[in-house]
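Data first, discussion second: the structure below is written as structure tokens.
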Amino acid sequence: MKILLNNNSLFESLRPFNDIGFVPTMGGIHKGHISLINKSNKLCKKTIVSIFVNPKQFNNKKDFMTYPKNIQKDLNILKKSKKVDFVYLPKFNDIYKNKKKSKITLLKKDKILCAKFRKGHFEGVLDVMSKLTKIVNPKRIFMGEKDFQQLYLVKKLLERKYKTKVISCKTIRDKNKVALSSRNFLLNKSSLVKAANIYKKLVNIKKNIKNNKNISNFLKLQKKQLNNNYKIKIDYLELRNEKNLELSKTINNSKLFIAYYINNVRLIDNL
Ligand code: AMP
């Protein structure tokens, strides 16, 4: 596993290869990331993982400051997986040396879910993903369904702009079914138990949706109950079509999306 600390060393190391699988991350490596790496390792000749906590996609400075960062631990886990050929650890200037302002704007119809509650977040994500793709020039990029809206927006942009394919990968959960996330490292045991109970409740809500004529009213009520029972702040609880992310009036081809805070840690999930 070769560690690439700047763009020159990346260009030099990747030059001989044209079948590269890319797994972009912000570190805090867990089994969700490893599942993406395993898929890349199966489908591509070489796998490169990037670790870059992109300041420009954080709409909240405190969230950026407290985001889990432990490069040495991450490198140990990646090395142990034996599936990673290169790890790219860019500095801010490797990505943003071109001072030109990013022209990325979201369509009005895409300003939903996290885009509505985290102003500027996806503009930052799309910008950094576009820059990383230009630098790494991968054949395939592996991304998780856990961040479904991110996957949807990034795929739409990158497959139009570059000759790369964005491959979606299933959400990996812990034994209590909580979706793995680097942010889970910020939760104590009782918060993790709470998150597991919320997941169970969401499964139930999804099951009961089809018995309801007015899904929007049903979900409003469920949101209130979740709020009261678990003392969590919920940004959204919505059923949306998995192809175009429009609000759904039926359970077919739809996913239930949630974003909520436990002890100031923002978690998202979809099922
Ligand atoms: P992050 O480091 O959180 O930015 O995530 C990097 C990539 O890993 C993104 O494509 C995420 O969607 C994906 N990912 C994060 N958590 C999971 C999970 N539990 N299962 C599968 N993929 C995940």
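No lab work stands behind these numbers, since they all come straight from the coordinates. Note that this is a predicted model, so its numbers are computed, not measured. Neighbour counts are summed over all protein chains in view; Cβ atoms, including those assigned to glycine, are modelled from backbone coordinates with ideal geometry.
Going through the cross-link list 100/161; 42/83; 116/231, which pairs have a Cα-Cα distance over 20 Å in this structure?
Values: 100/161 18 Å; 42/83 9 Å; 116/231 22 Å.
From the list (100/161; 42/83; 116/231), the Cα-Cα distance tops 20 Å for 116/231.
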Return the long-range amide H neighbours of residue 171 (sequence gap of 5 or more, or a different chain), with a cut-off of under 5 Å between placed amide H atoms.
-> 145, 146
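Considering just Cα atoms, how many Å³ per residue does the convex hull of the chain enclose? Walk me through the intermediate numbers first.
On the way: hull volume 35.6 nm³, N = 271.
Spelled out: Cα convex hull of the chain, divided by residues, is 132 Å³.
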To the nearest 10 degrees, how steep is helix 121-136 against the longest Cα principal axis of the chain, on a 0 to 90 scale?
-> 30
Give the calculated FRET efficiency between residue 71 and residue 249 to the nearest 0.05, with a Förster radius of 45 Å applied to their Cβ-Cβ distance.
-> 0.45
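If a/c stays under 1.5 just call it rounded; otherwise compare a/b with b/c (prolate if a/b is bigger, oblate if not). Do that for segment 147-271, with a ≥ b ≥ c from the square roots of the Cα gyration tensor eigenvalues. All intermediate terms of the calculation are to be shown ahead of the outcome.
On the way: a/c = 2.11, a/b = 1.20, b/c = 1.76.
It comes out oblate by the Cα gyration axes.
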If the limit is 19 Å between Cα atoms, which of 31/56; 2/99; 134/163; 79/177 go over it?
-> 31/56; 2/99; 79/177
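With n ≥ 4 as the cut-off for DSSP H runs, can you work out [θ] at 222 nm for the chain, using -39500 (n - 2.57) per run divided by the number of residues, rounded to the nearest 500? Before the final figure, lay out the partial values.
Values: 10 runs with 115 residues, N = 271.
So the calculated ellipticity at 222 nm is -13000 deg cm²/dmol.
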Mean Cα-pair separation over length for segment 2-169, i.e. relative contact order, pairs under 8 Å, 6 or more apart, % = 30
So which trypsin sites (Lys or Arg not before Pro) in segment 45-86 are both in a DSSP loop and have at most 15 other Cβ atoms within 10 Å of their Cβ?
-> 45, 69, 82
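Using DSSP to define loop residues, name the trypsin sites (Lys or Arg not before Pro) in segment 194-238 whose beta-carbon has at most 11 other beta-carbon atoms within 10 Å. Numbers along the way, then the final one.
Working: sites: 194, 200, 201, 206, 207, 210, 213, 220, 223, 224, 231, 233; in loops: 210, 213, 231.
Here the trypsin sites (Lys or Arg not before Pro) that fit, given the DSSP loop and packing criteria, are 210, 213, 231.
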The chain, Gaussian network, Cα under 10 Å: of 221, 239, 107, the residue fluctuating most is 107
Expected sort for 152, 88 with the fewest Cβ neighbours (10 Å cutoff) up front is 152, 88
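Express as a percent, rounded to the nearest 5, the fraction of DSSP beta bridges in the chain (both residues included) that run antiparallel.
On the way: 16 of 35 bridges.
Looking only at bridges with both residues in the chain, the antiparallel portion is about 45 percent.
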